[in-house]
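**Q** Before I ask anything, here is the structure I am working with.
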Amino acid sequence: MNKAQRSLCRSLVLSCIVIGYASLGFGQTSDSKSSAIIERIMTTALSRCYSTANGVKRITFEPATNQEFAEVEGLGQKAVEPLAKYLDLQPKNDLTQLFAVKFLMAIGGSSTLGPLKRAFAQDQWEVTRAAALDGIFAVSRAEAKPYVEAALSDGSQLVRRRARDLLNLYQ
Amino acid sequence: VQAAGLTGSYGGVKVSAAAHASSLDTLHFLFDDTAGFSALLKMFSYDPQTKLEERDYAVTGVWTLRAPMLALSNPDPALAFPPGTTLRPQLFIRNTTGKPINAAVRFNWRTAGTTGAAPGPALHLNPYETRLVDVAALQSAGALPKEAAWTSVTLTTNGLPDEIMAVAASYDQTLRYGAQTPFSDQLSFQWEGGMWEYDPYHSSIITAGNGGTKPTQAAFTIFYNQGTQRYDVEQTLKPDEQMWIDVGQLIREHVPDKNGKPLPSDLTMGSYEFRDLTNKGVGSLFEGKIIYDKTYGHVAYGCGTCCGYAQTVVFYAPLGVPFSGTAGQGVNSYQNCNLDWEDVSDSFWNTWTSANTSVATVDYYATHTGVATGSTTSYASAYLDGPNRPPSCPRQLKTPSGGVNVQVPTYFFSPSAKQTGTPSACVQAGYTGYFIDVSYYVADANSGRVSKSGMAPGENLGGTGWHDAYATPPTTKSDGSFDDTPFGACYGTSVHYCEAGPPQSFRLTNNGTVFSIMTNTTSRKCTDGIQLVIQGNPSAQNKTYAFGNTQ
């Protein structure tokens with residue numbers, strides 16, 4: 001990791017600490033240890049997305065490893081609130097929110113519905129929103145129905161396409 | 001009757017033909033000039049080929065007939081007969097065969113506020129005998145409450161279908177006031193009713209009952225304003241219990257439906273429908289309707305039309321089942337009232353068998369499990385209400401089947417890829433890039449699509465290790481599809497720049513079994529374009545995507 005990337009990762013973690021502690025009201029319990037683990041996993045996963053090739057800075061989406069998913073799943077409900085805080089980071093780094101959604105989907109369960117709905121909001125990246133729609137659907141088809149129907153006329157072609165796919169699964 | 005010297009005041013009539021009997025139609029009516037009375041007498045068709053299982057809708061092992069709305073001695077005030085009118089309800093039950101037949105009668109009566117059951121007489125009918133059962137006398141004797149205005153009559157017999165025929169009639173002494181109610185064995189999951197009326201001179205009563213042996217949830221719908229609006233009621237019915245719909249009362253008293261909506265107070269006509277919400281393939285509802293004329297005292301009985309199923313087809317033909325994995329199968333059938341295909345899978349549960357259990361097994365719910373690579377067939381069989389002899393809908397044995405291919409996931413093929421928006425992370429000074437969303441499906445070695453949800457695609461980029469939750473969604477959808485998104489890179493340069501992406505290899509995990517996937521990709525990612533080469537598949541399924549400038 002070069003200096004610029006380290007700086008970016010540090011700023012991401014700092015942003016979490018400074019901005020992300022407003023109560024989200026989702027009712028999950030977490031602790032400082034769980035939050036620290038999530039921050040480490042997020043930082044590591046994000047760091048793989050930033051590299052330098054031939055002197056040119058590169059940003060690409062590298063998926064989280066099996067080990068990282070297993071660690072998040074191991075934390076279970078304790079990971080929901082720390083992950084949810086990444087969804088409200090300002091300014092947004094879209095890969096951050098996408099990782100948060102993918103980890104929330106791995107946890108699953110009704111406690112992730114609130115954060116996933118937040119991730120589906122219009123101020124999120126369309127790739128994050130499409131993934132969040134999948135996540136809501138996976139938790140509860142009934143809860144997802146109004147979101148899927150609304151997404152059919154979404155401004156993003158990617159979200160519209162995902163909504164059409166999901167709508168077919170209701171029939 | 002006079003010329004033949006027949007005696008008595010009632011009996012049976014048979015019209016038969018040596019051949020082509022189904023080409024005959026009959027009409028039978030009687031009249032009394034003096035009283036100004038006439039009535040149509042229902043004629044019943046007789047099919048000697050009919051089997052009990054086709055007409056034993058409640059699967060009780062005995063053939064059962066019901067007359068749902070027999071008016072009892074003290075008529076319902078809703079009928080607006082003159083005060084003091086007394087009816088004489090009676091049943092005519094005929095043995096159409098040359099052998100003795102036993103039959104039993106039971107009643108489910110109704111007063112203004114209560115309902116109850118009462119046994120009727122057990123009958124031993126001699127060959128060709130027509131027996132009159134005087135229900136009025138039974139009511140006078142206390143077998144039925146004197147204040148009861150209505151009863152349904154249930155007739156069971158040890159005979160075969162149509163070997164006993166019965167009608168029920170209830171008229172006063174003048175024959176001016178009263179009605180008939182026909183017997184029918186038909187139970188159905190859905191009834192479509194014709195017109196009902198309600199105005200100062202007419203009103204309608206509609207009923208549906210549970211002819212089954214278990215409680216059922218019944219839905220009643222009134223359609224009005226040319227079918228554009230509806231009024232919905234639901235009720236749980238115990239066996240033999242009826243829901244009783246006085247349409248005039250609903251309108252007059254502004255009774256709200258289950259959605260809180262009353263019928264318009266100026267409504268005068270419409271149609272109706274009953275649905276059995278508990279039993280889909282073979283329903284348990286019987287129904288009846290009367291429209292009465294308050295001016296002349298005429299009560300006309302009307303029947304709904306039962307609905308049935310025509311063809312049945314399995315959901316997937318063939319069904320792809322992953323080796324050591326599972327896949328669900330189901331059955332759709334074409335419903336002749338809605339004119340649409342309906343899921344009737346639950347009617348076939350516990351009937352599925354596999355022709356070769358060394359290839360695939362199938363459980364109670366039609367979930368197939370792949371045991372070994374290969375093909376076989378699975379079968380199911382069950383009775384559904386059939387549509388072949390409207391207006392009756394005798395049960396038909398349906399035997400859907402379909403091929404089963406136990407598949408080993410072998411490669412991923414991609415039908416399409418689309419450019420996605422550029423992440424804002426790439427919009428920092430000088431960062432440009434192309435990202436795409438690549439759609440994939442799972443296929444077996446025979447290029448058959450493995451349509452199954454819950455399989456986890458994994459990727460390995462440049463030998464850095466397996467990532468088994470990389471896909472969107474992380475596991476396949478029911479059609480076996482998933483997306484690789486986003487796929488691309490941004491670069492911190494303002495000039496055109498490209499580099500080779502890491503080679504991408506795949507695997508698939510299903511129920512803990514990891515399958516090698518022969519698909520792999522190479523890529524070229526540029527500031528203003530991207531190329532993805534999908535290879536390793538059967539040649540027709542290899543593909544190259546190029547977006548933007550990849551030179």
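The values are calculated or read from the model by the stated rules, or taken from the named source; none is laboratory data. Everything quoted here is computed from the prediction, not taken from an experiment. Every residue, glycine as well, gets a Cβ built from its backbone with ideal geometry; the counts of neighbours run over all protein chains shown. The protein model used for the area step is the full one, side chains on, heavy atoms only, and it has no ligands, DNA or RNA in it. Shrake-Rupley method; radii C 1.70, N 1.55, O 1.52, S 1.80 Å.
**Q** In square angstrom, rounded to the nearest 10, how much accessible surface does B:HIS28 have for a 1.4 Å probe?
**A** 60 Å²
**Q** Between B:SER22 and B:LEU339, what is the spin-label point distance in nm, taking each point 7 Å from the Cα along the Cα→C-beta axis?
**A** 2.4 nm
**Q** Here's another thing I want to ask about it. Enumerate cysteines in chain B without a disulfide-compatible partner, where compatibility requires another Cys Cβ under 4.7 angstrom.
**A** Lacking a cysteine Cβ partner under 4.7 Å: B:CYS303.
**Q** Pulled fully out, how much extra length does the chain show between B:TRP349 and B:PHE44, if you take 0.36 nm times their separation in residues and subtract their Cα-Cα distance?
**A** On the way: separation 305, 0.36 × 305 = 109.80 nm, distance 3.51 nm.
Contour length minus Cα-Cα distance gives 106.3 nm.
**Q** Provide the FRET efficiency to the nearest 0.05 for the A:SER110-A:TYR170 pair, computing r from the beta carbons and using R0 = 25 Å. Before the final figure, lay out each step's value.
**A** Values: r = 19 Å, r/R0 = 0.77.
In this case the efficiency is close to 0.80.
**Q** When a/c reaches 1.5 or more, the comparison of a/b and b/c decides; with that in mind, is the stretch B:434-551 rounded, prolate or oblate per its Cα gyration tensor?
**A** Values: a/c = 2.16, a/b = 1.84, b/c = 1.17.
Since a/c reaches 1.5 and a/b is larger than b/c, the shape of the stretch B:434-551 is classed as prolate.
**Q** How many Cβ atoms of partner chains, on average, are near each residue of B:486-493 if near means within 10 Å of its Cβ?
**A** On the way: counts 9, 2, 3, 8, 7, 8, 8, 5.
Across B:486-493, the average partner-chain Cβ count within 10 Å equals 6.
**Q** Take the Cα pairs of chain B, get the Kirkwood Rh, then feed it into Stokes-Einstein at 37 °C and 0.692 mPa s and tell me D in µm²/s. Provide the component values of the computation, followed by the final result.
**A** Details: Rh = 28.6 Å.
This corresponds to a translational diffusion coefficient of 115 µm²/s.
**Q** Determine the shielding of peptide B:461-472 by partner chains: average, over its residues, the number of Cβ atoms on other chains within 10 angstrom of each Cβ. Walk me through the numbers on the way to the answer.
**A** On the way: counts 4, 1, 0, 3, 3, 2, 8, 5, 13, 8, 2, 12.
For peptide B:461-472, the averaged partner shielding equals 5.
**Q** Also: For the stretch A:102-165 and the stretch B:100-171, write down the distance between their C-alpha centroids in whole Å.
**A** Distance between centres, Cα-based: 61 Å.
**Q** On average, how many beta carbons from a partner chain sit within 10 Å of the beta carbon of a residue in A:61-72? Working shown, then result.
**A** Values: counts 11, 7, 11, 3, 7, 7, 2, 2, 5, 2, 0, 1.
Average per residue, whole number: 5.
**Q** Place a label point 7 angstrom from the Cα of B:GLU129 along the Cα-to-Cβ direction, then list the residues of the stretch B:10-45 whose backbone nitrogen is under 15 Å away.
**A** B:11-12
**Q** So how much accessible area does B:HIS467 have, in Å² to the nearest 10, using a 1.4 Å probe?
**A** Its accessible surface works out to 10 Å², give or take rounding.
**Q** FRET efficiency for A:THR44 and B:ALA317, Cβ-Cβ distance as r, R0 = 41 Å, nearest 0.05?
**A** On the way: r = 48 Å, r/R0 = 1.16.
E(calc), rounded to 0.05, equals 0.30.
**Q** What length, rounded to one decimal in nm, is gained on full extension from B:GLN249 through to B:SER539, with 0.36 nm per residue of separation minus their alpha-carbon distance?
**A** 97.2 nm
**Q** Let me ask something else. Over all pairs of distinct alpha carbons, what does the Kirkwood formula give as the hydrodynamic radius of the stretch A:46-143, in Å?
**A** Values: mean 1/r = 0.0720 Å⁻¹.
This gives a value of 13.9 Å.
**Q** So, one more: How would A:LYS57, B:LYS258 line up by accessible area, probe 1.4 Å, largest first? If you can, show how the numbers build up before the last one.
**A** Details: A:LYS57 90, B:LYS258 115 Å².
I get B:LYS258, A:LYS57, largest accessible area first.
**Q** Can you pull the one-decimal nm distance between simple spin-label points at A:SER51 and B:ASP266, each 7 Å off the Cα toward Cβ?
**A** 7.7 nm
**Q** With every protein chain kept in the model, how would you rank B:ARG66, A:ARG164 by accessible area, 1.4 Å probe, largest at the top?
**A** Working: B:ARG66 15, A:ARG164 120 Å².
In descending accessible area the options line up as A:ARG164, B:ARG66.
**Q** Of the listed peptides B:177-190, B:402-415, what is their order by residue-averaged count of other C-beta atoms within 10 Å, with the highest listed first? Could the numbers behind the result be given before it?
**A** Values: B:177-190: 23.8, B:402-415: 21.9.
Averaged packing, sorted descending, gives the order B:177-190, B:402-415.
**Q** Give, rounded to the nearest 20 debye, the magnitude of the charge dipole that the protein assembly as shown has about its Cα centre when Lys and Arg contribute +1 at Cβ and Asp and Glu contribute -1 at Cβ. Before the final figure, lay out the partial values.
**A** Working: 55 positive and 61 negative charges, 360 e Å.
Once rounded to the nearest 20, the dipole reads 1720 debye.
**Q** Also, quick follow-up: What is the local net charge at B:ARG106, summed over the other residues whose Cβ is closer than 13 Å to its Cβ (Lys, Arg +1; Asp, Glu -1)?
**A** Numbers: positive: B:ARG66; negative: B:ASP240.
Combined, the nearby Lys, Arg, Asp and Glu give 0.
**Q** Obtain the nm distance between the two label points defined at B:VAL495 and B:PHE31 by a simple spin-label model: each point lies 7 Å from its Cα along the Cα-to-C-beta direction.
**A** The answer from the label model is 10.7 nm.
**Q** Given the whole protein assembly as supplied and a 1.4 Å probe, what does the accessible area of B:ARG524 come to in Å², nearest 10?
**A** Probe radius 1.4 Å; accessible area of B:ARG524 about 80 Å².
**Q** Now a separate question. By the scheme Lys and Arg +1, Asp and Glu -1, what is the net charge of all other residues having a beta-carbon under 14 Å from that of B:LEU138? Provide the component values of the computation, followed by the final result.
**A** Values: positive: B:ARG88, B:ARG106, B:ARG131, B:LYS146; negative: B:ASP134.
With Lys, Arg at +1 and Asp, Glu at -1, the net is +3.
**Q** Rounded to the nearest Å, what's the spacing between the alpha carbon centres of the stretch B:354-400 and the stretch B:256-306? Just the number, please.
**A** When both Cα centres are located, 35 Å separates them.
**Q** Just by accessible area at a 1.4 angstrom probe, what is the order of B:ILE222, A:ILE37 from largest to smallest?
**A** Sorted descending by solvent-accessible area, the residues read A:ILE37, B:ILE222.
**Q** What does the extension gain come out to for B:LYS146 and B:SER324, with contour length at 0.36 nm per residue minus their alpha carbon separation? Could you put the intermediate results ahead of the total?
**A** On the way: separation 178, 0.36 × 178 = 64.08 nm, distance 6.80 nm.
Taking 0.36 nm per residue and subtracting the Cα distance, the gain is 57.3 nm.
**Q** R0 = 35 Å: FRET efficiency of B:LYS14 with B:SER453, Cβ-based, nearest 0.05? Working shown, then result.
**A** Numbers: r = 60 Å, r/R0 = 1.71.
Rounded to the nearest 0.05, the efficiency is 0.05.
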